[in-house]
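Notes follow the structure.
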């Protein structure tokens, strides 16, 4: 089993209401982001690749174009522009590309990151 991770960077602004950070987060402010998309599988015997990297690069370029130098609050499909919602938004945009197993979004300047592993079946409170 192999995993291939491809990353891209983007700059974007957002605001977040209702946090304990108060006015600091409620004002529009920007971050430098790094996103990573990881695909897992077995390489195609003919090409030796999990996925044609050119296909993945084009898909990530399309996502980057939607996010880079944008006010994320205006992208309705994201919802509140949190790391959690950004990682899910990117997942939703690339899940058809291959066997995506995780999407991570990093705000290195804040020392924060969030990883989304896709929809999971709900675990009941009794552990089943």
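Data for the structure
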item: Under 17 Å from the residue 99 label point (7 Å along Cα→beta-carbon), backbone N, the range 2-20; result: 2-6
item: Relative exposure of 101, 55, 37, judged by other C-beta atoms within 10 Å (fewest first); result: 55, 101, 37
item: Mean shadow area of the chain, taken as a quarter of the surface of its Cα convex hull (nm²); result: 10.0 nm²
item: The chain, helix-only ellipticity at 222 nm - DSSP H runs n ≥ 4, -39,500 (n - 2.57), divided by all residues, nearest 500; result: -7000 deg cm²/dmol
item: Residue order, fewest to most beta carbons within 10 Å, for 2, 91; result: 2, 91
item: GNM top mover of 63, 75, 39 - the chain, alpha-carbon springs below 10 Å; result: 75
item: Listed residues 16, 60, 86, most fluctuating in the chain (Gaussian network, C-alpha, under 10 Å); result: 16
item: Sequence-separation-based contact order of the range 2-116, relative, with Cα cut under 8 Å and 6+ spacing, percent; result: 31 percent
item: Using alpha-carbon coordinates, inclination of helix 83-94 to the longest axis of the chain, degrees; result: 40 degrees
item: For the chain, built as a Gaussian network whose Cα springs stay under 10 Å, the top-fluctuating residue of 84, 11, 23; result: 23
item: Kirkwood Rh and Cα Rg combined as Rg/Rh, the range 47-93; result: 1.08
item: Cα long-axis angle, helix 53-67 against the chain (0 to 90 degrees, to the nearest 10); result: 10 degrees
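Taken together, the values in this text are just the output of simple stated rules run on the coordinates, not laboratory data. Quantities reported herein were computed from a predicted structural model and do not represent experimental measurements. As a convention, Cβ positions derive from the backbone with ideal geometry for all residues, glycine included, and neighbour counts pool all protein chains shown.
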